[in-house]
Amino acid sequence: MQLGQDIDGAAADDCSGYSVSLSSDGTVVAIGANGNDRNGDWSGHTRIYSIKKGLGIEVTEVGKTHARNP
């Protein structure tokens with residue numbers, strides 16, 4: 001069962017979802033995109049999202065990191 005809305009990549013062809021890690025309780029997910037070019041060709045990034053339950057289910061980006069391609 002899906003919780004919250006779809007999570008799309010930051011840009012076309014950034015390979016979002018190349019790597020995924022889910023917390024044991026299913027409320028936090030880290031999604032890697034090795035094709036993101038923000039810091040150089042194929043430098044990649046990881047975004048971290050958290051599920052917050054309240055009046056509905058909301059997926060919130062809680063952090064991100066960008067790598068550098070040497």
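Given Ile7, Ile51, which one is surrounded by 12 or more Cβ atoms within 10 Å (Cβ to Cβ), assigned to a loop (DSSP other than H, G, I, E, B) and in contact (Cβ under 8 Å) with a residue 40 or more places away in the chain? Reasoning before the result, please.
Numbers: Ile51 fails: assigned to a loop (DSSP other than H, G, I, E, B).
The match here is Ile7.
Of everything in the range 10-47, what is of a type in the set (Asp, Glu) and either open to solvent by 70 Å² or more (accessible area, probe 1.4 Å) or closer than 16 Å to Thr60 by Cβ (or both)? Give them in sequence order.
Matches in the range 10-47: Asp13, Asp25, Asp37, Asp41.
The values are calculated or read from the model by the stated rules, or taken from the named source; none is laboratory data. These numbers come from a predicted model, not from an experiment. FYI the Cβ positions are ideal-geometry reconstructions off the backbone, even for glycines, and counts take in every protein chain you see. The accessibility values were calculated without ligands, DNA or RNA, using every heavy atom of the protein model including side chains. Shrake-Rupley method; radii C 1.70, N 1.55, O 1.52, S 1.80 Å.
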